[in-house]
Amino acid sequence: MPHDASEGAHWHEPKAGENAGFGNFSRPAMPYDRFMEAENIPVHRAIGVHRVHDLPMKPWARLGGRGTYIQLFGTEGLWGMYVVEIPGGGALNAEHHLYEKEVFVVEGRGSTEIWQDGQTKKQTFEWQKGSLFSIPLNAHHRFVNASSSPALLLCGTSAPNMMNLIDNPHFIFNCPYDFTDRYSGNDDYFKPKDDLEPDPVRGLAMKRTNFIPDIINCEMPLDNRRSPGYRRLEPHMGGQRFHLWIGQHETGRYSKAHCHESAAILICVKGKGYTYTWPEGLGSKPWEAGKGDKVMRQDYEFGGMVSAAPMSGDWFHQHFGISKDPLRFTAWFGPNNHSALKPGRPGEAMADIWAIDIKKGGRAIPYNDEDPYIRKEFEQTLAAEGVPSRMEEKLYVKGD
Ligand SMILES: [Fe+2]
């Protein structure tokens with residue numbers, strides 16, 4: 001456009017010593033942001049949620065029912081999330097899509113019908129509050145509510161990854177390809193499998209199962225990495241790239257802080273508590289350094305959640321269960337985002353630095369080197385809740 005044109009933006013060559021461009025600008029919306037806005041339901045953006053039941057929801061024309069998107073800080077573009085309510089005695093619209101989907105049943109009971117193009121027989125499996133399952137990539141599926149009260153489903157997806165790459169929702173929702181390598185239609189596909197084995201990368205307790213009936217009450221193997229008596233299970237579901245696990249801190253104990261970049265959202269499935277998260281630059285003792293006001297906090301109970309590292313860069317985060325029940329989470333990371341499981345040089349030597357103390361070269365703050373404010377407040381909070389602390393003095397002994 002010529003410089004003297006009267007309409008529209010036109011470009012000026014910078015003078016000597018000046019830079020081209022605006023200098024300051026707003027971050028643009030990505031294709032997935034535009035997709036969410038076009039769906040005309042709310043988008044909840046924050047560091048967490050106290051209880052998803054309380055989020056405002058609106059009728060959702062594409063899916064049926066009512067819903068809201070959830071895009072917690074730090075997870076933008078890494079993976080997506082939404083809550084959808086199926087009305088009592090109702091069903092959602094059938095759909096299929098070129099992104100992975102994990103489903104946690106927050107409330108209610110019902111069933112999922114699933115099928116692929118060319119398969120004459122639909123497969124159906126039943127779920128209830130606490131069930132966790134994955135929808136195989138691009139498989140047709142339909143959620144049906146079996147009761148007269150509403151059912152609430154929390155879904156995690158790799159929709160942002162696909163939409164920001166392809167930038168064409170019509171293709172994402174109308175591709176006819178059957179991923180028979182992920183889903184063959186076998187009758188026992190959604191039958192729970194209980195065998196434990198070490199995961200092939202880090203050797204942590206893993207189950208290859210496409211359905212867990214109840215992650216609120218299922219047995220959990222001992223792990224010990226985050227707190228004494230910590231339990232953890234890593235389900236590998238539906239051949240998905242989407243990484244998730246289930247973890248539990250014992251009643252009266254809290255996790256050590258550790259540090260990494262964003263991706264993880266911890267969803268509370270038992271007990272109640274709170275999380276502190278702060279940027280690595282504040283150091284390991286932010287209250288002692290007079291920067292306690294820069295530490296972010298999210299409280300939650302069943303159905304609540306927090307983004308472990310909610311902004312850019314590496315953030316410390318530490319989780320505190322304050323109920324008579326243990327604090328149990330399921331943590332969701334999306335595909336290829338976990339710090340230990342993202343692309344890099346194959347065969348490169350790695351260590352589980354997120355479970356190794358800072359003084360030993362890791363990224364975790366041991367109890368005996370943490371900010372004293374943390375223990376003091378935790379024990380005061382437990383006392384107010386009538387729950388005995390099980391953070392024994394020996395855990396804080398220097399040099400332990
Ligand atoms: Fe973490």
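Numbers at a glance
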{"item": "Shape box of the chain [Cα atoms, principal axes, largest first, Å]", "result": "71, 64, 45"}
{"item": "Dipole of the chain, positive end: most advanced residue of A355, T330, P221 [Cβ charges, Cα centre]", "result": "P221"}
{"item": "Backbone HN-Hα couplings from phi across segment 386-394 [Karplus 6.51/-1.76/1.60, Hz, Gly and Pro as x]", "result": "x, 10, x, 6, 10, 8, 5, 3, 4"}
{"item": "Part-to-part distance (alpha-carbon centres) for segment 249-328 and segment 370-400, which is given in Å", "result": "15"}
{"item": "Accessible solvent surface per residue of segment 31-174, calculated while the other protein chains remain in place, 1.4 angstrom probe, Å²", "result": "37"}
{"item": "Per-residue ³J(HN,Hα) for segment 121-138, Karplus 6.51 cos²θ - 1.76 cosθ + 1.60, θ = phi - 60°, Hz, x for Gly and Pro", "result": "9, 7, 9, 10, 10, 9, 9, 8, 3, x, 6, 10, 8, 10, 8, x, 3, 6"}
{"item": "Solvent-accessible area per residue for segment 219-326 (1.4 angstrom probe, square angstrom)", "result": "32"}
{"item": "FRET E, pair R345, E95, Förster distance 51 Å, beta-carbon r, rounded to 0.05", "result": "0.85"}
{"item": "Whole-percent carbon and sulfur share, accessible surface of the chain, 1.4 Å", "result": "51"}
{"item": "In segment 143-207, chymotrypsin sites (Phe, Trp or Tyr not before Pro) in a DSSP loop with at most 12 other beta-carbon atoms within 10 Å", "result": "Y177"}
{"item": "Label-to-label distance, nm, for residues given as S148 and A289 (7 Å Cα→Cβ offset)", "result": "5.9"}
{"item": "15 Å beta-carbon shell around Y300, net charge (K/R +1, D/E -1)", "result": "0"}
{"item": "Sparsely packed GluC sites (Glu not before Pro) within segment 309-379, loop by DSSP, other Cβ within 10 Å at most 14", "result": "E348"}
{"item": "Qualifying chymotrypsin sites (Phe, Trp or Tyr not before Pro) for segment 48-111 [loop in DSSP, other Cβ within 10 Å: at most 11]", "result": "none"}
{"item": "Integer Hz, Karplus 6.51/-1.76/1.60 couplings in order for segment 359-366, x for Gly and Pro", "result": "5, 9, x, x, 10, 10, 8, x"}
{"item": "Segment 181-218-segment 49-91 distance, computed between alpha-carbon centres (Å)", "result": "26"}
{"item": "Kirkwood Rh, angstrom, segment 31-151 [1 / mean 1/r, Cα pairs]", "result": "15.2"}
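The values are calculated or read from the model by the stated rules, or taken from the named source; none is laboratory data. Note that the coordinates shown come from a computational prediction; the quantities given were computed from them, not determined experimentally. Neighbour counts are summed over all protein chains in view; Cβ atoms, including those assigned to glycine, are modelled from backbone coordinates with ideal geometry. What goes into the accessible areas is simple: the full protein's heavy atoms, side chains included, and nothing from ligands, DNA or RNA. Shrake-Rupley method; radii C 1.70, N 1.55, O 1.52, S 1.80 Å.
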